[in-house]
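Structure, as C-alpha coordinates:
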Amino acid sequence: MKHVSVLLNETINALNVKEDGIYVDCTLGYAGHSSAILKRLKKGKLYAFDQDEEARKHSENVLRKISDNFEIIPNNFVNLKEELNKREITKVDGIMFDLGVSSPQLDDAKRGFSFHLDAPLDMRMDKDAKLSAYDVVNDYSFNDLYKIIKEYGEERYAKQIARSIEQRRKQKNIETTFELSEIISNSVPSKYKRLTHPARRTFQAIRIEVNKELSILPKSLNDAIDMLNVNGVIAVITFHSLEDKICKDVFTKRSKENELVKNLPIVPDEYKPELKLLKKIKPSKEEIINNKRSRSATLRIAIKMR
Ligand SMILES: C[S@@+](CC[C@H](N)C(=O)[O-])C[C@H]1O[C@@H](n2cnc3c(N)ncnc32)[C@H](O)[C@@H]1O
(Lines give C-alpha, C1' and ligand atoms only; values in the text may rest on other atoms or scores of the structure.)
Protein backbone atom coordinates (compact mmCIF):
# COMPACT_ATOMS: atom_id res chain seq x y z
CA MET A 1 0.00 0.00 0.00
CA LYS A 2 1.14 3.52 -0.78
CA HIS A 3 2.01 5.69 2.21
CA VAL A 4 -0.46 8.54 2.68
CA SER A 5 1.20 11.36 4.59
CA VAL A 6 -0.52 12.44 7.78
CA LEU A 7 -1.22 16.11 8.62
CA LEU A 8 0.77 17.11 5.54
CA ASN A 9 -0.52 20.65 4.96
CA GLU A 10 -0.68 21.43 8.65
CA THR A 11 2.96 20.42 9.13
CA ILE A 12 4.27 22.25 6.06
CA ASN A 13 2.33 25.40 6.94
CA ALA A 14 3.73 25.26 10.47
CA LEU A 15 7.30 24.96 9.16
CA ASN A 16 6.76 28.14 7.15
CA VAL A 17 9.46 27.09 4.68
CA LYS A 18 11.77 29.91 3.49
CA GLU A 19 13.21 29.38 0.02
CA ASP A 20 16.80 29.78 1.25
CA GLY A 21 16.39 27.98 4.56
CA ILE A 22 17.87 24.76 5.92
CA TYR A 23 15.31 22.10 6.86
CA VAL A 24 15.52 18.65 8.37
CA ASP A 25 13.01 15.83 7.95
CA CYS A 26 14.00 13.27 10.60
CA THR A 27 11.63 10.64 9.18
CA LEU A 28 11.84 10.73 5.40
CA GLY A 29 9.69 7.62 4.84
CA TYR A 30 8.05 7.83 1.43
CA ALA A 31 8.96 11.50 1.04
CA GLY A 32 5.49 13.02 1.40
CA HIS A 33 6.55 15.80 3.75
CA SER A 34 10.06 16.02 2.29
CA SER A 35 8.70 16.55 -1.24
CA ALA A 36 6.52 19.40 -0.06
CA ILE A 37 9.48 21.03 1.72
CA LEU A 38 11.82 20.55 -1.24
CA LYS A 39 9.32 22.10 -3.67
CA ARG A 40 9.41 25.30 -1.60
CA LEU A 41 13.21 25.56 -1.52
CA LYS A 42 15.18 27.55 -4.11
CA LYS A 43 18.62 28.11 -2.62
CA GLY A 44 18.02 26.26 0.64
CA LYS A 45 18.70 22.64 1.50
CA LEU A 46 16.79 19.70 2.94
CA TYR A 47 18.48 17.02 5.04
CA ALA A 48 16.36 13.89 5.44
CA PHE A 49 17.04 10.97 7.78
CA ASP A 50 15.73 7.43 7.54
CA GLN A 51 17.10 4.25 9.02
CA ASP A 52 15.20 2.12 6.51
CA GLU A 53 17.10 1.36 3.33
CA GLU A 54 14.00 0.67 1.23
CA ALA A 55 12.43 4.00 2.20
CA ARG A 56 15.67 5.83 1.34
CA LYS A 57 15.98 4.17 -2.09
CA HIS A 58 12.40 4.92 -3.02
CA SER A 59 12.52 8.51 -1.79
CA GLU A 60 15.85 9.35 -3.42
CA ASN A 61 14.11 8.87 -6.82
CA VAL A 62 11.05 10.85 -5.77
CA LEU A 63 13.07 13.81 -4.49
CA ARG A 64 15.52 13.78 -7.42
CA LYS A 65 12.59 14.60 -9.72
CA ILE A 66 11.98 17.79 -7.75
CA SER A 67 15.51 19.18 -7.32
CA ASP A 68 19.02 18.38 -6.12
CA ASN A 69 18.83 20.56 -3.02
CA PHE A 70 18.72 17.64 -0.61
CA GLU A 71 20.81 14.99 1.08
CA ILE A 72 19.48 11.75 2.51
CA ILE A 73 21.29 10.68 5.67
CA PRO A 74 21.21 6.91 6.30
CA ASN A 75 21.18 7.02 10.07
CA ASN A 76 18.94 6.99 13.10
CA PHE A 77 17.69 10.48 13.92
CA VAL A 78 19.03 10.07 17.45
CA ASN A 79 22.35 11.00 15.79
CA LEU A 80 20.99 14.09 14.04
CA LYS A 81 23.24 16.60 15.79
CA GLU A 82 26.42 14.62 15.08
CA GLU A 83 25.45 13.97 11.46
CA LEU A 84 24.57 17.61 10.76
CA ASN A 85 27.64 18.93 12.58
CA LYS A 86 29.79 16.65 10.38
CA ARG A 87 28.35 18.59 7.44
CA GLU A 88 29.16 21.86 9.21
CA ILE A 89 25.49 22.53 9.85
CA THR A 90 25.02 23.90 13.36
CA LYS A 91 21.70 25.73 12.95
CA VAL A 92 18.57 24.98 10.93
CA ASP A 93 15.33 26.82 10.18
CA GLY A 94 12.92 23.96 10.64
CA ILE A 95 12.90 20.36 11.70
CA MET A 96 10.16 17.75 11.65
CA PHE A 97 9.42 14.25 12.88
CA ASP A 98 6.59 12.01 11.63
CA LEU A 99 7.14 9.14 14.02
CA GLY A 100 6.52 5.43 13.78
CA VAL A 101 6.36 3.15 10.75
CA SER A 102 5.15 3.75 7.21
CA SER A 103 2.39 1.82 5.43
CA PRO A 104 4.84 0.06 3.06
CA GLN A 105 6.83 -1.16 6.07
CA LEU A 106 3.66 -2.56 7.64
CA ASP A 107 2.45 -4.07 4.39
CA ASP A 108 5.68 -5.79 3.39
CA ALA A 109 5.18 -9.28 4.82
CA LYS A 110 8.86 -10.08 5.08
CA ARG A 111 9.47 -7.17 7.49
CA GLY A 112 7.44 -9.00 10.12
CA PHE A 113 5.60 -5.91 11.43
CA SER A 114 2.08 -7.07 10.73
CA PHE A 115 -0.13 -9.61 12.48
CA HIS A 116 -2.16 -9.80 9.23
CA LEU A 117 0.75 -11.27 7.25
CA ASP A 118 2.70 -14.42 8.08
CA ALA A 119 6.46 -13.83 8.28
CA PRO A 120 9.47 -14.45 10.52
CA LEU A 121 9.35 -12.20 13.59
CA ASP A 122 11.54 -9.21 12.72
CA MET A 123 10.11 -5.63 13.02
CA ARG A 124 13.48 -3.87 12.62
CA MET A 125 13.28 -0.58 10.73
CA ASP A 126 17.05 -0.71 10.42
CA LYS A 127 17.91 -4.11 8.97
CA ASP A 128 21.44 -3.89 10.42
CA ALA A 129 20.16 -3.47 13.98
CA LYS A 130 20.97 -6.37 16.30
CA LEU A 131 17.72 -6.73 18.23
CA SER A 132 14.71 -8.18 16.40
CA ALA A 133 11.19 -9.13 17.49
CA TYR A 134 12.35 -12.75 17.56
CA ASP A 135 14.88 -11.90 20.30
CA VAL A 136 12.34 -9.95 22.34
CA VAL A 137 9.71 -12.69 22.14
CA ASN A 138 12.06 -15.60 22.78
CA ASP A 139 14.71 -14.15 25.11
CA TYR A 140 13.09 -11.49 27.31
CA SER A 141 12.13 -12.57 30.83
CA PHE A 142 8.47 -12.86 31.75
CA ASN A 143 8.76 -9.61 33.74
CA ASP A 144 10.35 -7.65 30.89
CA LEU A 145 7.80 -8.95 28.39
CA TYR A 146 4.96 -8.11 30.75
CA LYS A 147 6.38 -4.62 31.32
CA ILE A 148 6.73 -3.71 27.66
CA ILE A 149 3.36 -5.17 26.64
CA LYS A 150 1.66 -3.33 29.51
CA GLU A 151 3.54 -0.04 29.12
CA TYR A 152 4.14 0.34 25.39
CA GLY A 153 1.04 -1.57 24.29
CA GLU A 154 -1.21 -0.28 27.09
CA GLU A 155 -2.59 -3.83 26.90
CA ARG A 156 -4.97 -4.82 29.67
CA TYR A 157 -4.25 -8.54 29.21
CA ALA A 158 -0.47 -8.03 29.27
CA LYS A 159 0.08 -10.50 32.11
CA GLN A 160 -1.90 -13.31 30.44
CA ILE A 161 -0.18 -12.70 27.10
CA ALA A 162 3.33 -12.63 28.60
CA ARG A 163 2.50 -15.81 30.53
CA SER A 164 1.30 -17.62 27.38
CA ILE A 165 4.42 -16.58 25.45
CA GLU A 166 6.55 -17.88 28.30
CA GLN A 167 4.68 -21.22 28.35
CA ARG A 168 4.84 -21.74 24.58
CA ARG A 169 8.54 -21.03 24.19
CA LYS A 170 9.33 -23.66 26.82
CA GLN A 171 8.21 -26.16 24.16
CA LYS A 172 9.73 -24.43 21.12
CA ASN A 173 10.88 -20.99 20.04
CA ILE A 174 8.23 -18.72 18.55
CA GLU A 175 9.27 -18.04 14.98
CA THR A 176 6.54 -16.23 13.08
CA THR A 177 4.01 -13.42 13.29
CA PHE A 178 1.10 -15.86 12.91
CA GLU A 179 2.40 -18.10 15.71
CA LEU A 180 2.67 -15.09 18.00
CA SER A 181 -0.71 -13.75 16.95
CA GLU A 182 -2.36 -17.11 17.66
CA ILE A 183 -0.77 -17.32 21.13
CA ILE A 184 -2.05 -13.83 21.92
CA SER A 185 -5.48 -14.62 20.56
CA ASN A 186 -5.74 -17.68 22.79
CA SER A 187 -4.76 -15.68 25.90
CA VAL A 188 -7.55 -13.09 25.85
CA PRO A 189 -11.32 -13.38 26.43
CA SER A 190 -13.50 -13.76 23.33
CA LYS A 191 -15.35 -10.51 23.99
CA TYR A 192 -12.04 -8.64 23.67
CA LYS A 193 -11.56 -10.11 20.19
CA ARG A 194 -14.79 -8.52 19.06
CA LEU A 195 -13.52 -5.06 19.99
CA THR A 196 -10.11 -5.07 18.34
CA HIS A 197 -7.57 -7.45 16.84
CA PRO A 198 -6.18 -9.02 20.01
CA ALA A 199 -2.58 -8.88 18.74
CA ARG A 200 -2.61 -5.19 17.82
CA ARG A 201 -1.33 -3.76 21.09
CA THR A 202 1.26 -6.47 21.74
CA PHE A 203 2.70 -6.12 18.23
CA GLN A 204 2.90 -2.36 18.71
CA ALA A 205 4.68 -2.83 22.04
CA ILE A 206 7.24 -5.23 20.59
CA ARG A 207 7.88 -2.91 17.63
CA ILE A 208 8.49 0.03 19.98
CA GLU A 209 10.91 -2.07 22.03
CA VAL A 210 12.78 -3.42 18.98
CA ASN A 211 13.32 0.04 17.51
CA LYS A 212 13.81 1.80 20.87
CA GLU A 213 11.20 4.26 19.63
CA LEU A 214 10.48 5.90 22.99
CA SER A 215 13.88 5.81 24.66
CA ILE A 216 15.62 7.75 21.87
CA LEU A 217 12.97 10.45 21.70
CA PRO A 218 13.93 12.88 24.54
CA LYS A 219 17.55 13.23 23.32
CA SER A 220 16.46 13.55 19.70
CA LEU A 221 13.90 16.25 20.44
CA ASN A 222 16.24 18.19 22.72
CA ASP A 223 19.02 18.07 20.12
CA ALA A 224 16.59 19.21 17.44
CA ILE A 225 15.50 22.18 19.57
CA ASP A 226 19.16 23.07 20.27
CA MET A 227 19.80 23.23 16.54
CA LEU A 228 16.99 25.66 15.68
CA ASN A 229 17.71 29.22 14.65
CA VAL A 230 15.67 31.96 16.31
CA ASN A 231 12.17 31.81 14.71
CA GLY A 232 12.96 28.25 13.59
CA VAL A 233 10.14 25.74 13.97
CA ILE A 234 9.96 22.18 15.27
CA ALA A 235 6.95 20.06 14.26
CA VAL A 236 6.37 16.59 15.67
CA ILE A 237 3.65 14.12 14.65
CA THR A 238 3.11 11.34 17.19
CA PHE A 239 0.85 8.29 16.99
CA HIS A 240 1.00 6.93 20.51
CA SER A 241 0.03 8.47 23.85
CA LEU A 242 3.44 7.81 25.44
CA GLU A 243 5.24 9.27 22.42
CA ASP A 244 3.04 12.34 22.62
CA LYS A 245 3.63 12.66 26.36
CA ILE A 246 7.41 12.64 25.84
CA CYS A 247 7.07 15.36 23.21
CA LYS A 248 4.75 17.41 25.38
CA ASP A 249 7.11 17.13 28.38
CA VAL A 250 10.21 18.16 26.40
CA PHE A 251 8.36 21.09 24.80
CA THR A 252 6.85 22.21 28.12
CA LYS A 253 10.18 22.09 29.93
CA ARG A 254 11.85 24.22 27.30
CA SER A 255 9.03 26.75 27.11
CA LYS A 256 8.99 27.49 30.86
CA GLU A 257 10.08 30.79 32.24
CA ASN A 258 13.10 30.57 34.52
CA GLU A 259 11.90 30.57 38.16
CA LEU A 260 14.70 32.96 39.21
CA VAL A 261 13.34 35.80 37.09
CA LYS A 262 9.63 35.14 37.43
CA ASN A 263 8.83 38.39 39.25
CA LEU A 264 11.36 40.68 37.61
CA PRO A 265 9.82 43.60 35.68
CA ILE A 266 12.35 43.16 32.84
CA VAL A 267 13.63 39.68 32.06
CA PRO A 268 17.11 39.45 30.50
CA ASP A 269 17.01 37.68 27.12
CA GLU A 270 19.01 34.66 28.28
CA TYR A 271 16.35 33.89 30.93
CA LYS A 272 13.37 34.09 28.60
CA PRO A 273 11.66 30.85 27.56
CA GLU A 274 13.40 29.15 24.65
CA LEU A 275 10.24 27.95 22.95
CA LYS A 276 6.82 29.31 22.21
CA LEU A 277 4.29 26.49 21.93
CA LEU A 278 1.46 26.59 19.41
CA LYS A 279 -1.85 24.80 19.87
CA LYS A 280 -1.62 21.08 19.15
CA ILE A 281 -3.36 19.93 15.97
CA LYS A 282 -5.40 16.74 15.40
CA PRO A 283 -6.41 15.43 11.95
CA SER A 284 -9.74 16.62 10.61
CA LYS A 285 -12.72 14.22 10.41
CA GLU A 286 -12.23 14.17 6.64
CA GLU A 287 -8.58 13.14 6.94
CA ILE A 288 -9.49 10.34 9.36
CA ILE A 289 -12.15 9.05 6.94
CA ASN A 290 -9.67 9.10 4.05
CA ASN A 291 -6.73 7.72 6.01
CA LYS A 292 -7.57 5.58 9.04
CA ARG A 293 -3.93 5.54 10.09
CA SER A 294 -4.20 9.24 10.93
CA ARG A 295 -6.77 8.74 13.68
CA SER A 296 -4.28 8.59 16.53
CA ALA A 297 -2.03 11.37 15.24
CA THR A 298 -1.19 14.57 17.12
CA LEU A 299 0.92 17.38 15.71
CA ARG A 300 2.85 19.51 18.20
CA ILE A 301 4.56 22.69 17.02
CA ALA A 302 6.99 25.03 18.75
CA ILE A 303 8.92 28.12 17.69
CA LYS A 304 12.42 28.90 18.94
CA MET A 305 12.43 32.29 20.65
CA ARG A 306 16.09 32.78 21.54
C1 LIG B 1 5.60 7.54 9.37
S2 LIG B 1 6.96 7.27 8.32
C3 LIG B 1 7.27 8.85 7.61
C4 LIG B 1 6.43 9.13 6.43
C5 LIG B 1 6.79 10.41 5.69
N6 LIG B 1 6.60 11.58 6.50
C7 LIG B 1 5.97 10.51 4.43
O8 LIG B 1 5.12 11.42 4.33
O9 LIG B 1 6.17 9.72 3.52
C10 LIG B 1 8.27 7.13 9.43
C11 LIG B 1 9.61 6.83 8.78
O12 LIG B 1 10.62 7.19 9.71
C13 LIG B 1 11.57 6.19 9.80
N14 LIG B 1 12.07 6.21 11.17
C15 LIG B 1 11.36 5.94 12.29
N16 LIG B 1 12.15 6.08 13.37
C17 LIG B 1 13.37 6.48 12.92
C18 LIG B 1 14.61 6.79 13.55
N19 LIG B 1 14.74 6.71 14.88
N20 LIG B 1 15.63 7.18 12.79
C21 LIG B 1 15.51 7.25 11.43
N22 LIG B 1 14.38 6.95 10.77
C23 LIG B 1 13.31 6.57 11.50
C24 LIG B 1 10.87 4.91 9.43
O25 LIG B 1 11.80 3.99 8.88
C26 LIG B 1 9.83 5.39 8.41
O27 LIG B 1 10.31 5.27 7.11
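The values are calculated or read from the model by the stated rules, or taken from the named source; none is laboratory data. Keep in mind that what you see is a predicted model, and the values were worked out from it rather than measured. Note that each Cβ is placed from the backbone with ideal geometry, even for glycine, and that neighbours are counted across all protein chains shown.
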The residue that is farthest from Ala235 (Cα to Cα), considering only those in the stretch 2-29 that are part of a loop (DSSP other than H, G, I, E, B) and of a type in the set (S, T, N, Q), is Ser5
If I filter the stretch 23-40 down to residues being touching a strand residue (DSSP E or B) at 6+ places or on another chain (Cβ under 8 Å) and more than 14 Å from Ser103 (Cα to Cα), which single residue comes out as nearest to the ligand (Cβ to nearest atom)?
His33
If the Cβ limit is 6 Å and pairs must be 6+ apart or interchain, which residue in the stretch 77-102 that is in contact (Cβ under 8 Å) with a residue 40 or more places away in the chain pairs with which residue that is within 9 Å of the ligand (Cβ to nearest atom) and in a strand (DSSP E or B)?
Phe77/Phe49; Met96/Asp25; Asp98/Ile237
What number goes with the only condition from (1) crowded, with 20+ Cβ neighbours inside 10 Å; (2) out of contact with any Lys or Arg (no Cβ under 7 Å at 6 or more places or on another chain); (3) in the same structural domain as Thr90 (by TED's automatic domain parsing) that Ile165 does not pass?
(3)
Given the condition farther than 29 Å from Phe113 by Cα, in the same structural domain as Asn222 (by TED's automatic domain parsing) and within 13 Å of the ligand (Cβ to nearest atom), answer yes or no: does some residue in the stretch 5-20 qualify?
yes
Please determine whether any residue of the stretch 41-57 is within 21 Å of Lys91 (Cα to Cα), in contact with a strand residue (DSSP E or B) (Cβ under 9 Å, 6 or more places away or on another chain) and small (Gly, Ala, Ser).
yes
Looking at Ile237, Ile206, Ile184, which is the one that is closer than 30 Å to Asp20 by Cα and at pLDDT 95 or above?
Ile237
Tally, over the stretch 88-121, of residues that are touching a Gly at 6+ places or on another chain (Cβ under 6 Å) and within 13 Å of the ligand (Cβ to nearest atom)
1
Top-ranked residue of the stretch 204-255 - restricted to ones that are part of a loop (DSSP other than H, G, I, E, B) and touching a strand residue (DSSP E or B) at 6+ places or on another chain (Cβ under 9 Å), ranked as nearest to the ligand (Cβ to nearest atom)
Phe239
Count, please, the residues in the stretch 162-203 that happen to be of a type in the set (A, V, I, L, M) and either within 16 Å of the ligand (Cβ to nearest atom) or touching a Ser or Thr at 6+ places or on another chain (Cβ under 6 Å) (or both).
3
Scan the stretch 41-57 residue by residue and report those that are part of a loop (DSSP other than H, G, I, E, B), within 13 Å of the ligand (Cβ to nearest atom) and not charged (D, E, K, R).
Gln51
For the stretch 58-80: of the residues being within 18 Å of Asp93 (Cβ to Cβ) and not in a strand (DSSP E or B), which is nearest to the ligand (Cβ to nearest atom)?
Phe77
Any chance the stretch 142-153 includes a residue that's loosely packed, with under 15 Cβ neighbours inside 10 Å and in a loop (DSSP other than H, G, I, E, B)?
no
Would you confirm whether or not the stretch 56-71 contains a residue that is within 17 Å of the chain's Cα centre (by Cα) and within 27 Å of Ile281 (Cβ to Cβ)?
no
